[in-house]
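A short worksheet on the structure shown next.
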Amino acid sequence: MTYVCRYSMRFMRSLTRAASLFTVGLACVHADAQLATTLSTVSTQPAAQTASQTNAVVSTGWDSTTTTSLQAAGRILNQASFGPTINDVFAVESSGIASYLDAQFKQPAYIIPAANPQTVTTGDCQSFSCDTEYYWWNDVIFGSDQLRQRVAFELSKLFVVSIDTVDPRYLPNYLNLLSQDAFGNWFNLMQDVALSPAMGTYLNMANSTTPTAGQSANENFAREMMQLFSIGVYALNQDGSLKLDGNGNPIANYTSAQVQNFALAYTGWTFANNDCSAPSSANYYWYNLPPGQSCPMTVLPYAHSTVSKTLLRGTVLPAGQSAQQDLTGALTNIFNDPSMPPFVAQHLIQSLVKSNPSPAYISRVAAAFTDNGSGVRGDMKAIITAILMDPEARADDNGGISDANGGKLRDPILWWASVMRAMGATSTATVPNVAFFEQRFDLWLADLDERPHVTPSVFSYYSPSFQLQGTSTYAPEFQNENTLTISQMAEHMQDAITDNWSENGVTATEFAMNLTANSFWGEAARTATPTNLVNALDALLLHGTMTQGMQQAIVTSIQGLDPATMVRCAVYLIVTSPQYRLMM
Amino acid sequence: MQRRNFLKTASWAGLAQLSGISPLRTMSALAQATSPNDYKAIVCLFMRGGNDSNNMIVPIGGSQYSAYSQVRGSNAIAQNQLLALANSSLGLNAAFPNLNRAYIAGDAAFIANVGPLVQPTTKAQYLATSVQIPQQLMAHDNQQNAWESGAYVPGVGTSWSGLTSDLMAASYNSANMPMVTIVGNATNFGRGVASTPFNAGPNAQQESFWCNEGNACNARMTAAQQLLTFNNGANLLQADQQIYQSAYKYNAFYNSVLGSASGFSTSFPSSNPLSSALYTVATMMQLRNQIGARRQIFLIDVPNSFDTHADQADIQPGLYAMIDQFIGTFVSVMQEMGLYNDVTLFTASDFSRTLQMNSAGGSDHAWGGHHFVVGGAVKGGKVYGTFPSLTLNGADDIDGTGRFVPTTALSQYTATLASWFGVPSSQLGAMLPGLSNFSTANLGFV
């Protein structure tokens, strides 16, 4: 059956009329072939993508080298990008998952330009964050470094800074270091984060000075670096379970005294000068011109505490070390802690793949953190590969639900980006008139409790340990899933799909999803049956997992509508459904 | 949101029908509400980040003030900025004139040095770990969870408010709306074994599954709700579908009653970040009969961070001014509705902060902290509990930085509120782990 359907695929790609394709597609009962049928029609329609991109996809075709089903391709793109596009699904189907990841690892990081340090108003922008939000969203939705940016996004929810307290002019530097380090080594990531002016401001390491008598050093960064960013409160086994003492109690990873010792180790750093050189006395933040906007913080020798510090596992930093030596020593001490590999593994698996990984899965990824196979600890490519290529991550690639606790809820930003990418959005916004992204995307996502780059606190938008009520099932993103956010979610998607991005009665035209009567989907609605339209949307949005009941409910509701309305209603129903909000 | 209120109104009727809320049920809620009854509400004001309450109530003189001012350095509140609290040796930070007025009127009380405890604990017992110590002290999220739960247990789970709803909602509340409403963010609050909270937006705004597809809307709304019934075997899907169903049901009902709200003559200062949440809470109290609620519990989540690790002297006055103005508005609107004697407000926060100033002009995470309650039912004008010794390395300080072992357990504080609300004393132990380890479950402040 599979062979017949693949043959049909090749045949179908030679056709141009969507109606014919849908008709042929109906003969194919194999789920994968059905996806191929419905998606292939899209690739013949340049409306959704550029003609050259489409031709490239079509020309690669479905040939004997294909190792990956379209269903599997759609699924990995949920885990390894900000969501599948039509072209990406075909590209992964053609290349296979491993090759796709290889190619993504070679993609250089998109670099967000530095914010104008002195002018809030550029074009229609009225804030220091507006341009940055545009650059960021533009890459999230249209950029080619998808895996890198997705990992960086998940890292931003671990190494949290928030521009409600950090000057937004420090944000480009921070986002860039996360995406540049996303495929590097975890230790470098820790160090770059620690020395960033954004984190320096957020958790007060900037200008933290050696305490005088009767004072202690500011513990903000020292505590959260361990608790939230690296190892957690309690010691972990490699499989993520709690280590227990002889009485069955968890073992604290650190004491208050150790937190204070780390705080002392982190003293003696200040903002760099604007040319990144080190000032001879402290640079203080000031609004008119934040110092060292794009530079790591620099050492202020006299502000560093030179006493000896006792760290984790009995490690002592000897007295008299420099600020850099102490920083390196402190971060190395944390980096080598046995709790770190499972802590990081659990966070990244929960972020990319599933909320409830098995202990064995965590253990395998933690092992990759510990040693990439060449004796290197903290190799991000090895960690990411271990997460995405694990049998548990790939288990349901061809359908089915092997784990009743599988999958995860897309957090609102990922959900929003995935819809925009899937529905072939286009943007005509150009600098300096880019306020659309902050005023629509960001403020609407704030109603869903996830405004990009504005977290309510250092412990991010939601807790990795949040559980479904009355169960031990982890469901981090559900912390913000409630009666209010769900109605806001539906309302804002309606704003985007039906109401032309209306906000306070003002519509916007610089950004659009491709849902008109003349779009591919509109063409499908005009020439095919509602069932075919819904099947095609299922293929792209749900990688073919839509149940028959769901399909029938949607088809029934859209029958008889004009093509554009039919498309809008079908898309709205799917993307606001719990079935789509979850990533299985 | 304001742009489409009229149009939204037009779609509510359809939504209410789709959600299974029949006129009959609304009628029964009204009938229940018009029968003679008592009404009580509790409002939790949650100061996220850890309020440095060392600067809220302060020894007004003597060696305790000297100890305080010496350790706090430039973060100390000057003696002439303290308002003497009758029946105590303490002064209230002058940033709280409204709270002070309520205290003088006997409608506000302070509870000194409250924090999570498993059992009565001394500094020596803490240092020797000879008694069970609450887990994950000084960690923001876990301690917020503990405070939301009402006892010492960190992490995600049930809360006293949700368990109270489990016990009492069937007798005191119609099925139209949950007993517990959250304005802002929360983790455990309102979660019982069976109960879930309602999440309300600011300014008593209507929330709906708005549709602007003309004639296609009815079919779209029908299908959207049908999708909440198709199960593929994934637990997360079922859980999400349940939340969606609650969202449809409760928002439709909420929207249907908001039209009956008559507003307030009390002014809600628009510059205060808490006004919009208080407006929602007050409106839901005003609509208690339409909602069919004889018991309501609210959580107002203060959006500003109290995590003052640095520059506290610059930040804290603004936070306290905001809180105090909120208290003034709260008292005024409760009095306006004639509900002042029926509503009790209490404060919660992750923890207090080190008495000792750090080198950044701030203070770090600590343990026990001072709290206050406000309302006509409060037996106020008094400071309850035991104020700690402020001497570094003194009787209560665990590590020489001014982190105090609580002298009153969070579970006792919660139990006192829950008892007033009507939770039978026989149920308190199951609701509040560790409570039975303390000699009294009722501190008597309300």
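The values are calculated or read from the model by the stated rules, or taken from the named source; none is laboratory data. This structure is a prediction, so every number in the text was calculated from the model and none was measured. Every residue, glycine among them, receives a Cβ derived from its backbone with ideal geometry; neighbour counts consider all protein chains shown. Keep in mind that these areas ignore ligands, DNA and RNA; they rest on the heavy atoms of the full protein, side chains included. Shrake-Rupley method; radii C 1.70, N 1.55, O 1.52, S 1.80 Å.
The heavy atoms of A:Thr509 offer some 120 square angstrom of accessible surface to a 1.4 angstrom probe. Between A:Leu244 and A:Ser402, the contour length at 0.36 nm per residue exceeds the Cα-Cα span by 53.8 nm. A straight Cα-to-Cα reach below 22 Å connects B:Lys379 with the lysines B:Lys40, residues fewer than 8 places away in its own chain not being considered. The residues of chain A present an accessible area of 33 Å² per residue when probed at 1.4 Å with all protein chains retained. If r is the Cβ-Cβ distance from A:Gln324 to A:Gln107 and R0 is 30 Å, what FRET efficiency results, to the nearest 0.05? Using R0 = 30 Å, I get an efficiency of 0.40. Each label point was placed 7 Å from the Cα along the Cα-to-Cβ direction; for A:Ala257 and B:Asn437 their separation is 2.4 nm. The angle separating the long axis of helix A:51-60 from the principal Cα axis of greatest extent in chain A is about 80 degrees.
Under a Cβ-Cβ cut-off of 14 Å, what is the net charge of the residues other than B:Leu390 that fall near it, where Lys and Arg count +1 and Asp and Glu count -1? Mind showing how you got there, number by number?
Working: positive: B:Arg72, B:Lys123, B:Arg353, B:Arg403; negative: B:Asp52, B:Asp396, B:Asp397.
Combined, the nearby Lys, Arg, Asp and Glu give +1.
Database remark: amide H of B:His365 closer than 5 angstrom to the amide H of B:Thr354 (H placed geometrically; neighbours at sequence offset of 5 or more, or on other chains; Pro and chain starts carry no H). With the cut-off at 1.5 for a/c, could you classify chain A from its C-alpha gyration tensor as rounded, prolate or oblate? Verdict is prolate for chain A. Note on chain B: GNM, Cα springs under 10 Å; of B:Ala219, B:Ala310, B:Ala418, the largest mean-square fluctuation is that of B:Ala219.
What is the local net charge at A:Asn185, summed over the other residues whose Cβ is closer than 14 Å to its Cβ (Lys, Arg +1; Asp, Glu -1)? Could the numbers behind the result be given before it?
Numbers: positive: A:Arg377, A:Lys381; negative: A:Asp181, A:Asp192, A:Asp371, A:Asp379.
Here the charged neighbours net out to -2.
Partners of A:Lys309 within straight-line reach, counting aspartates and glutamates whose Cα lies under 15 Å from its Cα and excluding those fewer than 8 residues away in the same chain: A:Glu219, A:Asp326. Going from the chain on its own to the full set of protein chains, the range A:391-416 has these residues losing 50 Å² or more of accessible surface (heavy atoms, 1.4 Å probe, no ligands, DNA or RNA): A:Ile401, A:Ala404.
Computed across the protein assembly as shown, the Kirkwood hydrodynamic radius from all distinct Cα-Cα pairs reaches 30.0 Å.
For A:Lys381, the lysines whose Cα comes closer than 16 Å to its Cα, not counting residues fewer than 8 places off in the same chain, are A:Lys106.
Run the Debye formula on the Cα coordinates of the range B:2-437, all scatterers equal and no solvent, and tell me log10 I(q)/I(0) at q = 0.07, 0.10, 0.11 1/Å. For the range B:2-437 at q = 0.07, 0.10, 0.11 Å⁻¹, log10 I(q)/I(0) is -0.37, -0.72, -0.86.
Label zone of A:Asn336 (point 7 Å out along Cα→Cβ, amide N under 11 Å): in the range A:190-221 this covers no residue at all.
For chain A, which whole-number percentage of the solvent-accessible area (1.4 Å probe, protein heavy atoms only) is attributable to carbon and sulfur atoms?
Numbers: 10200 of 19000 Å².
After summing per-atom areas, the C and S share lands at 54 percent.
Please give me the summed charge of the neighbours of A:Gln469: other residues whose Cβ is under 15 Å from its Cβ, Lys and Arg +1, Asp and Glu -1. That sum, taken over residues with Cβ under 15 Å, equals -4.
Once all protein chains are placed together, A:Ile401 keeps about 60 Å² accessible to a 1.4 angstrom probe.
Defining a contact as two alpha carbons under 8 Å apart and six or more residues distant in sequence, what relative contact order in percent does chain A show? Reported as a whole number, the value is 16 percent.
Total buried accessible area between B and A, probe 1.4 Å, nearest 100: 6000 Å². Can you give the FRET efficiency to the nearest 0.05 for A:Asn504 and A:Thr165, using r as the Cβ-Cβ distance and R₀ = 25 Å? With R0 = 25 Å, the Cβ-Cβ based efficiency is 0.40. Computed from Cα positions, the angle between helix A:171-181 and the longest principal axis of chain A comes to roughly 80 degrees. In summary, the helical segments of chain B meeting the span-like criteria, namely a full DSSP H run, a Cα extent along the axis of 30 angstrom or more and a mean Kyte-Doolittle hydropathy of at least -0.5, are B:235-258, B:312-337. Between A:Met389 and B:Arg101, the distance separating the two model label sites (each 7 Å from Cα on the Cα→Cβ line) works out to 7.0 nm.
The residues of chain B have, on average, 33 Å² of accessible surface per residue, using a 1.4 Å probe with all protein chains present.
Any idea what angle helix A:70-80 forms with the longest principal axis of chain A, computed on alpha-carbon atoms, 0 to 90 degrees, nearest 10? It is inclined by approximately 20 degrees. Taken along the Cα-to-beta-carbon direction at a fixed 7 Å, the label points for B:Gln79 and A:Asn518 span 8.2 nm.
Relative contact order, whole percent, for the range B:271-397 stands at 23, derived from Cα pairs under 8 Å and 6 or more residues apart. For B:Cys44, nonlocal amide neighbours, meaning residues 5 or more places apart or on other chains whose placed amide H falls under 5 Å from its own, are B:Phe298, B:Leu299, B:Ile300, B:Phe346. Considering only B:Met284, B:Trp420, B:Gln70, the residue lying farthest towards the positive end of the dipole of chain B is B:Met284, judged by Cα position with unit charges set on Cβ.
Simple point charges give the picture: +1 on the Cβ of Lys and Arg, -1 on the Cβ of Asp and Glu, and for the protein assembly as shown a dipole about the Cα centre of about 1320 debye.
With all protein chains present, how much of the accessible area of the range B:122-229 (probe radius 1.4 Å) comes from carbon and sulfur, to the nearest whole percent? All intermediate terms of the calculation are to be shown ahead of the outcome.
On the way: 1670 of 3410 Å².
Here it works out to 49 percent.
Under 5 Å between amide hydrogens, built in the peptide plane, is the criterion, and for A:Trp269 it picks out A:Asn207, A:Ser208, A:Leu300 among residues at least 5 positions away or on other chains.
Here the sum of -39500 (n - 2.57) over DSSP H runs of 4 or more residues, divided by the residues of the protein assembly as shown, equals -13000 deg cm²/dmol at 222 nm, to the nearest 500. Here the calculated FRET efficiency for A:Asn116 and A:Asn273, from their Cβ-Cβ distance with R0 = 25 Å, stands at 0.85, rounded to the nearest 0.05.
Per residue, the average separation of C-alpha pairs within less than 8 Å and at least 6 apart gives the range A:172-316 a relative contact order of 26 percent.
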